[in-house]
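The values are calculated or read from the model by the stated rules, or taken from the named source; none is laboratory data. No experiment lies behind these values; they were computed from the predicted model shown. As a convention, Cβ positions derive from the backbone with ideal geometry for all residues, glycine included, and neighbour counts pool all protein chains shown. Side chains included, ligands, DNA and RNA excluded: accessible areas come from the protein's heavy atoms. Shrake-Rupley method; radii C 1.70, N 1.55, O 1.52, S 1.80 Å.
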Amino acid sequence: MKIKVAKSAGFCWGVKRAVNMAVDSVKKAGGRALCLGELIHNKREIERLKNLGMVFIEDMNDLRKGDTVVIRSHGVSPKVLEFLKRKGVEIVDATCPFVKDVHEKAIKLEEEGYPVLILGNARHPEVIGIAGHVKNPMIIGSLEEIKKLPLMKKLGVVCQTTLNLSFFKEAVSILSLKVKDLKVYNTICSATSVRQKETLKLAKEVDVMFVIGGKNSSNTTKLYQIAKEVNPRTYHIESKDEIEPDWLENSETVGITAGASTPQWVIEEVVNHLLHLKKGGVLSGRGVCQTT
Ligand code: SF4
């Protein structure tokens, strides 16, 4: 059995940077730093960070003056930032620069007089952060809602950095029939589009496909949907323990990809486990997993 791991599987640049900044901040703060919400959507990595001294909080009122607070890669709204400043906490801003770029584009659209539409999941922290940068944003996450929009004179569009590329294209093509002056920024980050394209290609090539990452991770879920559409034997797993040996029956090739918030060590565990289940298995493709 051949195991192919997608080159782009695992932490993206922005998540890697945020995790490194968080770990550094714990050290600098003397062993304890706080983070607003989960730093990344991966339970096992969260556990590792907790053991290092990270504390994850949901309520900003729990903060005390002098605390060190990490803003995760998803970013926050200006209101949240103001609140943190007023609290007198030490801010470590790990907002991904690509997310900051979406903030700037949304602000620019509004300044130019365009009502702003954000394509994405209204409950996702990144989208909430983007929305907080403009006055009256619309947030839409489905084509059905876009189809229901009335004809409009002007509209400016940005999107969640992890949006599905084909959804984005379809949404824009519908909008172009409804809006006279449409200004669109494709703010899907390159890490996301490369990962999605590779996932699609790999899923078509292999007998069985594994997508590793948190069930609460939106970018991992999108990868799963993309792969499942072209390969029915696709499984979304968080760890090696979920793999049922009979999933591998009659398979010669196994593909692996992982969401932007899946650490390298979790991918390696899965690869090692598969090599163990299928004795004689060979890791081919990218060389990121040093398990051959
Ligand atoms: S997916 Fe892209 S925008 Fe999001 S954290 Fe990673 S690099 Fe940044």
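Structure summary
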read-out: Any hit, segment 235-242, residues being open to solvent by less than 10 Å² (accessible area, probe 1.4 Å), within 28 Å of R17 (Cα to Cα), touching a residue at least 12 places away in the same chain (Cβ under 8 Å) and not in a loop (DSSP other than H, G, I, E, B); value: yes
read-out: Residue satisfying all of: in segment 242-259; within 23 Å of the chain's Cα centre (by Cα) and of a type outside the set (A, V, I, L, M); nearest to K278 (Cα to Cα) among these; value: G255
read-out: Residues located in segment 264-285, provided they are out of contact with any helix residue (DSSP H, G or I) (no Cβ under 9 Å at 6 or more places or on another chain), at pLDDT below 75 and on the phi < 0 side of the Ramachandran plot; value: K279, S284
read-out: Residues located in segment 154-204, provided they are in a helix (DSSP H, G or I), crowded, with 18+ Cβ neighbours inside 10 Å and not aromatic (F, W, Y); value: A171, L175, A191, T192, S193, R195, Q196, E198, T199, L200, L202, A203
read-out: Within segment 8-37, tally of residues that are charged (D, E, K, R), touching an Asp or Glu at 6+ places or on another chain (Cβ under 9 Å) and within 15 Å of the ligand (Cβ to nearest atom); value: 0
read-out: Count - residues of segment 61-113 that are touching a Leu at 6+ places or on another chain (Cβ under 9 Å), among the acidic types (D, E) and within 16 Å of the ligand (Cβ to nearest atom); value: 1
read-out: Leading residue by the ranking (surrounded by the most Cβ atoms within 10 Å (Cβ to Cβ)) among those in segment 85-105 that are of a type in the set (V, I, T) and assigned to a strand (DSSP E or B); value: V92
read-out: Selection from segment 106-126 of residues that are open to solvent by 50 Å² or more (accessible area, probe 1.4 Å) and of a type outside the set (D, E); value: I107, K108, P115, N121, A122, R123
read-out: Checking V69 against (1) more than 20 Å from G14 (Cα to Cα); (2) in the same structural domain as A33 (by TED's automatic domain parsing), the condition it does not meet; value: (1)
read-out: Among residues of segment 225-257, those that are in contact with a strand residue (DSSP E or B) (Cβ under 6 Å, 6 or more places away or on another chain) and within 16 Å of the ligand (Cβ to nearest atom), counted; value: 1
read-out: Members of segment 132-145 that are surrounded by 19 or more Cβ atoms within 10 Å (Cβ to Cβ) and either over 23 Å from the mean Cα position of the chain (by Cα) or among the small types (G, A, S) (or both); value: G141
